[in-house]
Structure formats: C-alpha cells, structure tokens
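Asker: Take a look at this one; I'll ask things after.
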Amino acid sequence: MGLTLAEKVWRDHLVSSGQNDDPDLLYIDLHLIHEVTSPQAFEGLRLAKRPVRRPDLTLATEDHNVPTQNIELPIADPISRAQVEALRENCAEFGVPLYSLGDEEQGIVHVVGPQLGLTQPGMTVVCGDSHTSTHGAFGALAFGIGTSEVEHVLATQTLSLKPFKTMAVTVDGELPAGVTAKDVILAVIAKIGTGGGQGHVIEYRGAAIESLSMEGRMTICNMSIEAGARAGMIAPDATTFDYIEGRPHAPAGEEWDEAVEYWRGLGTDQDAEFDTEIVLDGSALTPYVTWGTNPGQGLPLAASVPDPGQIVDDHEKVAAERALQYMDLQPGTALRDIDVDVVFVGSCTNGRIEDLREVAELLRGRTVADGLHMYVVPGSVRVGLQAEEEGLVEVFQRAGADWRNAGCSMCLAMNPDKLRPGQRAASTSNRNFEGRQGPGGRTHLVSPQVAAATAVSGKLASPADLA
C-alpha cells in the first residue's frame, strides 16, 4: 500500500520504532521558540547541566508579549517584560539565534520561518505553539508541542510520538471572487467541527487548494488546529518551490536541484489510504464569518444568527445558547446587521504581505467608518518594510487605520493591544473564544477582505457590499 505525504515525512525522520505500543522517536529538523513557552524548558536544561543539542537548527523570535508601539521603550507590563528578558538571557547563554524587537527579521515566529526559507518541504518542524501547523503548507510535518517536549527537543533534537491518523480534505472547483483561503478553512471547520480532526494530520487537496498562493496555503494549515487536528499539510509543488527559491536559508545550486527532486517525491501515492476523507465544493463557497465563541460556530456572511432551539444535538444547543449570551446576539439577526467596534488585520493567520495587499486594495479611496478603530499589524518587520515600499502603509493611514509594528498584537490578550469589555471585533486571527482578544471582548473571525469591507461599512460586510 502507498503512503500519504504525512507518512512519508514520518518515515524519513524515524530514529527508532516504538516497541509494545511505545511511541516512535523522530528527528526534528527545525525548532522554533518564543518567549511564552520556553523559559521553563531552558531552566530544565540549566538544572540538568545540558546544552542545546543543535542551536543551528533552533530559532527564537519575540512575538506574543511585545508591544506594537513605542518599541524603543522598555516593555511596560512586568510579566511581559520578564518573559522577553528571560528569552534574551536564555538565548545568549545557550547560543540560540534570536530576533529581538528592533531587528529587521523580528516578527511572529510562523511568519519569520517561511520568509527566511527555513521552512522547507519534507521537514519536521516543532514549536511550543499550536499554530506551528502553519508550516505544513510547505509539505512539512509541523505541530505544536508542550513545555516538557520543548526541553526534550532542545536537549536531543528528537521527539517521542505515536503515529497520527490521516485525513484528506479535498476542496474541488474554482473559488468565486471574494472567497479566500480564510473562508475555505472556516467552512471546513464549520463542516467537521472543532473536534473533527482530533488525532489526525489533515492533508488539504483538490483544485481549489492547488490554486492558492503560499500565503493562502499557510492560512489553511494554520487553522487546522481549530478543527482539532495535530497538523495540516499541503503537498509541495511549483508554487512552493517558487516561494522558497532564493530565500536566505534555501538550498542553492546543485543542492537546490537535489532538494527539488526529493520534494517532488513527497506527494501522496495514488494507492495510499486515509483514515478519514472529507470533500467540499469550493465553487459553492461564499465569505464566512463566525457568530459564536469557537471557530466551528461559523456561517456564510449572507446567513443569520442561528436559533439554538433549532439545534438537535444537546451539546451543540447548550454551546450555542452560551455563545449567543456572551456575544450579545439575538437569533435571526442578519450577520450583515451586526455592528463592529474594532477591526484587526494581522496574526500568524493573516499578517502576510498578500493579506495586507488585499486590505489596501479595498481601502484605497475609502475611509474607516466613524467611531471604528482599525488596527493593521504586519506579521514581521520584513512584511512591514515591504508594505511601506509598496505604498500600502500610506493607503492604510489615509483611510484612517492604525498602522503598527510587527507582533502577535490583538490576536491574543498578552500585550497592550486588547479589546475593552463589550467591544466587538472583526478579526483576521484564528481564535474567538471568550476573552481571547481581551476580557469581555467579542470576536468574529473573518478574512482580510471581509475585515476591510467591515472597517468601511461599520458592520460585518463582504467586498461585494462596497460596490
């Protein structure tokens, strides 16, 4: 029987097979770290008097806790400051490369890795962050790990794991105008639920997926975690190779030719079997938004807030009732009638240059609605510099948007960019649970295009609504 993409990468990184139901031992190609989940891991190494096994395969960035304004000043919040300072001290002591605030390569770890060419097909990539699945867009087996596992990888460059199940999500057809990768993944999660991919590595396939740019593919794989999966992957192809070629850490010359030859063989074999298969018609999709407090509570923008009384499953019914209470929404309300206070464009889901271009295109010649605050935050300093060079920043500022420095920003309430209690946001980030963007804040997950249209209209809106 043939192998899937995930099974091939697993096979090629197997150090030893587990016996008697023990886990396998895998070699790790790239270990990404940031300030939140690494301090305890480094302290464990220090207590055990162990070095970092492969600092050359380890990279650290500052992203979660950092401010996106006045970055030349000391970090005001004492907890955030302590975490960032600990990362700097640990990286200096253990010889781990670090991109700090003010560095041209600083930014969200899942944006920095690909833009440097560190993320490549067929790799195993780990980080103490669930959205490490982003890197699976390149055909890498990439997933988040816990603090004790971070220490294990730092010490050994290996990880003990039991094989995952496999799932194929095939999205056929051509995506309609105004439908983006974010809409695709929100539709997938709405279909299979936040636990639908539990224990699986999802491989995304089909014409609609193959037509996506690398930025779009990263968006898809990034939110695999919101479907409960351990990882998401897309087979590498010419789009992948074109994105990687010429980047600072990409192979060159004969090594490039050899790498591409290997990468081309990673695709799933025709006779391979998946544990689960899901099929969607991409041509039937429309812009999606979430109405509740988990990414699975999403609907096409043209729909209305659901009535929990019409939900058959008792668990889903109770969850919907609680979500509507928290979100302060009434059943039957048209999603397009929901007023928004804040629009956030950024995060490891949608903070790349393609996302910013889409937003700028819709904001050009328009202004942000009165009383609405729009944040535009690049996923990395490099993305920010490119946005400046292309004139996008000028478009944002003329429209009345708040342009910020690179960082995780309002994706999560671990830095100064937060919602106030009761504020409602349209957010291009990946999670919408209670308090994610700030205590009492209400979050609707949207695509960059829907975010831009919403910022102009003041209500949840699609690009077509601006015509």
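The values are calculated or read from the model by the stated rules, or taken from the named source; none is laboratory data. Source: prediction; values computed, not measured. Here Cβ is always computed from backbone atoms with ideal geometry, including for glycine, and neighbour counts include all displayed protein chains. Accessible surface is based on the protein model in full, side chains and every heavy atom, while ligands, DNA and RNA are left aside. Shrake-Rupley method; radii C 1.70, N 1.55, O 1.52, S 1.80 Å.
Asker: Given the -39500 (n - 2.57) contribution per DSSP H run of 4+ residues, what per-residue ellipticity at 222 nm results for the chain, rounded to the nearest 500 deg cm²/dmol?
Answerer: -9500 deg cm²/dmol
Asker: Once you keep just the Cα pairs under 8 angstrom separated by 6 or more residues, what percentage relative contact order results for the stretch 363-453?
Answerer: Over the stretch 363-453, the number comes to 23 percent.
Asker: Also: Could you list the chymotrypsin sites (Phe, Trp or Tyr not before Pro) in the stretch 374-435 that lie in coil according to DSSP, counting only those with at most 11 other Cβ atoms within 10 Å of their Cβ?
Answerer: Qualifying residues, ordered by number: none.
Asker: Can I ask one more? Note the full-extension length gain between Asp21 and Leu385 as 0.36 nm times their separation in residues minus their Cα-Cα distance, in nm to one decimal.
Answerer: The Asp21-Leu385 span can extend by a further 126.0 nm.
Asker: How large is ³J(HN,Hα), in whole Hz, for each residue of the stretch 414-421 in order, when computed from phi with the Karplus curve 6.51 cos²θ - 1.76 cosθ + 1.60 and θ = phi - 60°, using x for Gly and Pro?
Answerer: In residue order, the calculated couplings are 10, 8, x, 7, 9, 6, 8, x Hz.
Asker: Near the amide H of Ser304, under 5 Å away, which other amide H atoms are found, from residues 5 or more places off or on another chain, if H is placed in the peptide plane?
Answerer: It is Leu335, by chain and number.
Asker: Now for a separate question. Share of Cα-Cα pairs in the stretch 306-399 beyond 15 Å, in percent?
Answerer: Every Cα pair in the stretch 306-399 considered, those over 15 Å come to 68 percent.
Asker: Of all beta bridges DSSP finds with both residues in the chain, what is the antiparallel percent, to the nearest 5?
Answerer: 25
Asker: If amide hydrogens are placed 1.01 Å from N in the peptide plane, which non-local residues have theirs closer than 5 Å to the one on His444?
Answerer: The list, which skips near neighbours in sequence, is Ala425, Ala426, Ser427.
Asker: Follow-up question, since we're still on this one. Within the chain, which is the longest segment that contains none of the GluC sites (Glu not before Pro) sitting in a DSSP loop with at most 14 other Cβ atoms within 10 Å?
Answerer: Segment 274-389 is the longest.
Asker: Now for a different question. Could you give me the ³J(HN,Hα) list for the stretch 335-352, computed from phi with Karplus coefficients 6.51, -1.76, 1.60 and θ = phi - 60°, whole Hz, x at Gly and Pro?
Answerer: So the Karplus estimates, Gly and Pro as x, are 4, 5, 9, 7, 6, 10, 9, 9, 10, 10, 10, x, 5, 6, 7, 9, x, 9 Hz.
Asker: Then there's this: Project the alpha carbons of the stretch 1-106 onto their principal axes and report the range along each, largest first, in whole Å.
Answerer: Dimensions of the stretch 1-106 along the principal axes of its Cα atoms: 58, 33, 23 Å.
Asker: Based on the Cβ-Cβ distance of Ser283 and Arg88, what FRET efficiency does E = 1/(1 + (r/R0)^6) give at R0 = 35 Å, to the nearest 0.05?
Answerer: Computed FRET efficiency for Ser283 and Arg88: 0.10.
Asker: If you average the sequence gap of Cα pairs under 8 Å that are 6 or more apart and divide by the length of the stretch 267-310, what percent do you get for the contact order?
Answerer: 23
Asker: Let me ask you something else. Compute the relative contact order of the chain as a whole-number percentage, counting only Cα pairs closer than 8 Å that sit 6 or more residues apart in sequence.
Answerer: Relative contact order, the chain: 17 percent.
Asker: Separate question: If N is the number of residues in the stretch 251-350, what value comes out of its Cα radius of gyration divided by 2.2 N^0.38 Å?
Answerer: Its radius of gyration relative to the 2.2 N^0.38 Å reference: 1.69.
Asker: Restricting to Cα atoms and excluding each atom paired with itself, what does the Kirkwood estimate give for the stretch 44-192 in Å?
Answerer: With all distinct Cα pairs of the stretch 44-192 included, I get 17.8 Å.
Asker: For Pro97, what charge total do you get from the other residues with a beta carbon under 14 Å from its beta carbon, if Lys and Arg give +1 and Asp and Glu give -1?
Answerer: Taking every Cβ under 14 Å from that of Pro97, the sum is -4.
Asker: Rg(Cα) of the stretch 131-278 divided by 2.2 N^0.38 Å?
Answerer: 1.08
Asker: At a 1.4 Å probe radius, carbon and sulfur cover how many percent of the accessible area of the stretch 421-467?
Answerer: Solvent-exposed carbon and sulfur of the stretch 421-467 make up 56 percent of the total.
Asker: Per residue, how much accessible area does the chain have with a 1.4 Å probe, in Å²?
Answerer: About 39 Å² of surface per residue is accessible.
Asker: As a test question: what accessible area, to the nearest 10 Å², does Thr194 have when a 1.4 Å probe is rolled over all protein chains in place?
Answerer: Looks like 60 Å² after rounding.
Asker: Among the trypsin sites (Lys or Arg not before Pro) within the stretch 362-467, which fall in a DSSP loop and have no more than 15 other Cβ atoms within 10 Å of their own Cβ?
Answerer: Sites meeting the loop and neighbour criteria: Arg364.
Asker: Take every Cα-Cα pair in the stretch 364-453 and report what % of them are more than 16 Å apart.
Answerer: Every Cα pair in the stretch 364-453 considered, those over 16 Å come to 56 percent.
Asker: Excluding ligands and nucleic acids, what accessible area in Å² is computed for His152 using a 1.4 Å probe, to the nearest 10?
Answerer: Number for this one is 70 Å².
Asker: Gap in Å between the Cα centre of the stretch 306-329 and the Cα centre of the stretch 341-378?
Answerer: When both Cα centres are located, 30 Å separates them.
Asker: Can you put Lys191, Lys49, Lys182 in order of accessible area, largest first, using a 1.4 Å probe?
Answerer: The residues order as Lys49, Lys191, Lys182, largest area first.
Asker: Quick one: 3J(HN,Hα) in Hz for the stretch 307-322, Karplus 6.51/-1.76/1.60 with θ = phi - 60°, rounded, Gly and Pro as x.
Answerer: Per residue, the Karplus-derived 3J(HN,Hα) values read 9, x, x, 8, 8, 6, 5, 4, 5, 5, 5, 5, 4, 5, 4, 5 Hz.
Asker: Give the long-range amide H neighbours of Met233: residues separated by 5 or more places, or on another chain, with amide H under 5 Å away, using H modelled in the peptide plane at 1.01 Å from N.
Answerer: Ile202, Glu203, Tyr204
Asker: Can you pull the three principal axis extents for the Cα set of the chain, in Å, largest first?
Answerer: Extents along the principal axes, in whole Å: 56, 55, 45.
Asker: Which FRET efficiency value, to the nearest 0.05, is calculated for Lys165 and Arg398 with the Förster distance at 51 angstrom and r the Cβ-Cβ distance?
Answerer: The computed FRET efficiency comes out at 0.55.
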